[in-house]
Each structure stands twice: as C-alpha cells, then as structure tokens.
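Chemist: First the structure, which I've put down as structure tokens, then a few questions once you've had a look.
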Amino acid sequence: MAADVAVRSVAESQLRDRVAAEAAVPSASTTARIESFPFLARLLTSGTVARIQLSAADITVERLTFARVALDIHEVTFERERLLSERKVVLSSLKRGTAVAEVTQDELSERLGVGVTLEAGRARVRVAGQTVTATASVSDNTLRLSVAGLSVPSLRIPQLPLVPCVADAEILPGRVRLTCSIDEVPAGLVGRPLDEVKL
C-alpha cells in the first residue's frame, strides 16, 4: 500500500509540473489526479491506469484569459519501465478523453465589447441598447453568440495548452465551457519525459 501511494504521488507530481510547463503557469495553479486502484498492480500487468484528470487555472493565450483548461482522459498507457526504473512519467496513448476550456462572462464581455451574462443554458447580450437572449456555438475554433436580427462580434479561440481542439460550447452560470473529444495524448504531453520539457 505504501509503495502504491508513493509511486502514484511521484506520477501526479510530475504530471502537475508538466501541465505547469505546458500552460506557462505556476505549479500551484495546476492539479493532477490519477484514479486507478491498485495503481502499481494495474501498471505492472497492463501498463495502463483507469483515469487521469489534469487542469490548470487562469491561463492567458493571445490576450484571452481562460479560467480553466482541463483534460479528463481514460485508459491511459504509461511507459511503465520509465516510471518504475527512472521515476519519469511518459504518457504514450489513451482510449478516450475530453478536453475542456472555460471562459468567464466578464472575459467575454471585455473581449467582445458587449455586455454578456451567462446563465445555465442561455446567454443574454446587451447590444444596440437592448438585452436579448443569445445562443452559443463553436465552429472553426471560433465562438459565436448568435442573436436573431442583430450582429454580435465573434471570438476566435487560440491554440491552447492541453486542449487540441474545441468543438462544442455549453453555457454555464457565469462561464462558457468549450469541449472536444480526443483519442490521442495532446502533443504537449505525448511521450516526453519531464526533463525534456522546456521550462
């Protein structure tokens, strides 16, 4: 049990540091959680863990600040020999996962130049002296708030650390959540030991 916890802790610590390096934020702004019990036994027999959740807070890319970016990945394959003999985490593949980026209503208001209020399932936009209901959609890495008969600026989503794509938009209270499904480890994390990541 003690060895299981110790090796898992090493792996989570390295993943947090790698997320911090990739997102250019302090390690304190990142989280990494491995869900797989027993961790060592599964790693030794299959080289996989059931689930890894990674996140980073307050990431700014091209002057757009994201409250959170995250990965929730399942059936993740480690290079187990590197982890066990060198204590280095190398993620080589995954079965499925979800990438997430969240932007607050205040950030949207500032970047779009119009007042935006986000509630569960709907957006309200202050435009042309009116407050109207808008729908949110994503295409071609661009977030659009659409209002019938009125023009609302769109927002291009830059390439993000940990989030290789954005395909869907969900409106939550105070923020919009951008997501996409993935089946490969994002480029910033794939097959690179920690000491090869540029800090």
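The values are calculated or read from the model by the stated rules, or taken from the named source; none is laboratory data. Model, not experiment: these values are computed from the prediction. All Cβ positions, glycine included, derive from the backbone under ideal geometry; neighbour counts span all protein chains shown.
Chemist: Which one of Arg68, Arg63, Arg16 is under 30 Å from Leu155 (Cβ atoms), out of contact with any strand residue (DSSP E or B) (no Cβ under 6 Å at 6 or more places or on another chain) and outside the structural domain of Leu160 (by TED's automatic domain parsing)?
Modeler: On the way: Arg68 fails: out of contact with any strand residue (DSSP E or B) (no Cβ under 6 Å at 6 or more places or on another chain); Arg16 fails: out of contact with any strand residue (DSSP E or B) (no Cβ under 6 Å at 6 or more places or on another chain).
Being under 30 Å from Leu155 (Cβ atoms), out of contact with any strand residue (DSSP E or B) (no Cβ under 6 Å at 6 or more places or on another chain) and outside the structural domain of Leu160 (by TED's automatic domain parsing) holds for just one of Arg68, Arg63, Arg16, which is Arg63.
Chemist: Between residues in the range 5-27 that are of a type outside the set (A, V, I, L, M, F, W, C) and residues that are part of a helix (DSSP H, G or I) and surrounded by 18 or more Cβ atoms within 10 Å (Cβ to Cβ), which pairs lie under 6 Å by C-beta distance while being six or more apart or on different chains?
Modeler: Arg8/Phe39; Ser27/Arg16; Ser27/Ala20
Chemist: Hey, can you tell me all the residues within the range 142-153 that are under 23 Å from the mean Cα position of the chain (by Cα) and surrounded by 16 or more Cβ atoms within 10 Å (Cβ to Cβ)?
Modeler: As a first pass, look at the range 142-153 and keep what is under 23 Å from the mean Cα position of the chain (by Cα): 142-145.
Correct list: Leu143, Arg144, Leu145.
Chemist: When you go through (1) in contact (Cβ under 8 Å) with a residue 24 or more places away in the chain; (2) closer than 30 Å to Val185 by Cβ; (3) touching a strand residue (DSSP E or B) at 6+ places or on another chain (Cβ under 7 Å) one by one for Arg156, which number turns out not to apply?
Modeler: (1)
Chemist: Being in a helix (DSSP H, G or I) and in contact with a Ser or Thr (Cβ under 6 Å, 6 or more places away or on another chain) is true for just one of Arg16, Arg82. Which residue is that?
Modeler: Being in a helix (DSSP H, G or I) and in contact with a Ser or Thr (Cβ under 6 Å, 6 or more places away or on another chain) holds for just one of Arg16, Arg82, which is Arg16.
Chemist: Same structure, new question: So which residues in the range 113-134 are at pLDDT below 90 and surrounded by 14 or more Cβ atoms within 10 Å (Cβ to Cβ), if there are any at all?
Modeler: Selection gives Val127 alone.
Chemist: So Glu107 passes all but one of these: (1) at pLDDT 95 or above; (2) buried (at least 17 other Cβ atoms within 10 Å of the Cβ); (3) in a strand (DSSP E or B). Which condition number does it fail?
Modeler: Just one mismatch for Glu107, condition (3).
Chemist: Among the candidates Arg82, Arg63, Arg87, which residue alone is surrounded by fewer than 17 Cβ atoms within 10 Å (Cβ to Cβ), over 15 Å from the mean Cα position of the chain (by Cα) and closer than 28 Å to Leu143 by Cβ?
Modeler: One residue alone meets the criteria, Arg63.
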